[in-house]
Every structure is written in structure tokens, then in C-alpha cells.
Amino acid sequence: MRTESGPEAEVESEPEDGDEPRLGSRAPRFIRASRPLHLSWQVGVFLVGLAVVAAGAAMLVLPGPGWVVIFAGMAIWATEFVWAQLVLRWTKRKVKEAAKKALDPRVRRRNIILTVVGGVIAAIGCGYYVWAFGFQLPWNVAW
């Protein structure tokens, strides 16, 4: 493997000894060989990633899978930018930790208990409303 620096540096895509892939551009070698071509490639990747992230941000308030699309935009950026690769690695690590914690029997038992207690409280509240006001919509109730 070559040990150059800059856009011509070889990027290894396979992990070594279980490590994560190395950071750097995933652009084809012929694009990395030419600085102007590589710069225009980076601008294109940035603009596509920005469009996807902006669409995901819009989906946070509109119907759609907002966070999934935002992370897809981050993955697009991560093909070219080290900062996005680091953010994506951090996010993956946190998701794995959360999944591991969610599968912990004590946490699952606590979550089930809290869900049941919340459901019982909501049922009691709905029962009281129906007992006090009958089957009326809240904006039609005469106080």
C-alpha cells in the first residue's frame, strides 16, 4: 500500500484486523489523480448530500422518514469528507450502544412496566371523561 498524502493517497476500503475503514475520499483513482477533477467531484458530492439532508430536514416537519433521509445524506457526504465519516462513525456507535441497552432484560422490563402504567393512567382518564361528560367531543362540552 502506498503512503502518500493528499488526494492521490490510496484509500483502503477494507478494515484491517477488525478496525473500521480508513478515513478519506472514496472517489475513483482517476478522479483523485487530478486536483481540479477531484475538487469538482467533491463539490458535486457536497451538493447532492446537501439536497438529501435538506429534504430530510423538511421531512422532520412534513410527512416522511426525516431522520433516515438525513443519515442517508450524511452517508453520501461520508464518501468524500472525513468530518462526515467521523460523525457517521459516532452515530453508528451510539445506535449500537442504544440497541444493546434496549435489549437488556432489566431495561426492557422497566419500559414494559412504564408503558402499562401509562396505559392504565390514560384509560382511567378516558373513563373519567366518559363518566363525567358522556360521549362528546371535548370542544362540545358545556362546562
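The values are calculated or read from the model by the stated rules, or taken from the named source; none is laboratory data. Here the structure is a predicted model, which is why all the values come from computation and not from measurement. Heads up, the Cβs are rebuilt from the backbone with ideal geometry, glycines too, and the neighbour counts pull from every protein chain shown.
Inside region 76-95, residues that are surrounded by 15 or more Cβ atoms within 10 Å (Cβ to Cβ) and of a type in the set (A, V, I, L, M) make up a count of 5. Checked against (1) of a type outside the set (A, V, I, L, M, F, W, C); (2) assigned to a helix (DSSP H, G or I); (3) surrounded by 10 or more Cβ atoms within 10 Å (Cβ to Cβ), residue 106 meets all criteria but (3). For region 49-70, the set of residues classified as small (Gly, Ala, Ser) and either part of a helix (DSSP H, G or I) or outside the structural domain of residue 39 (by TED's automatic domain parsing) (or both) consists of 49, 51, 54, 55, 56, 57, 58, 66, listed by residue number. Among the residues in region 71-90, are any assigned to a helix (DSSP H, G or I), in contact (Cβ under 8 Å) with a residue 40 or more places away in the chain and of a type in the set (S, T, N, Q)? Yes, region 71-90 has at least one match.
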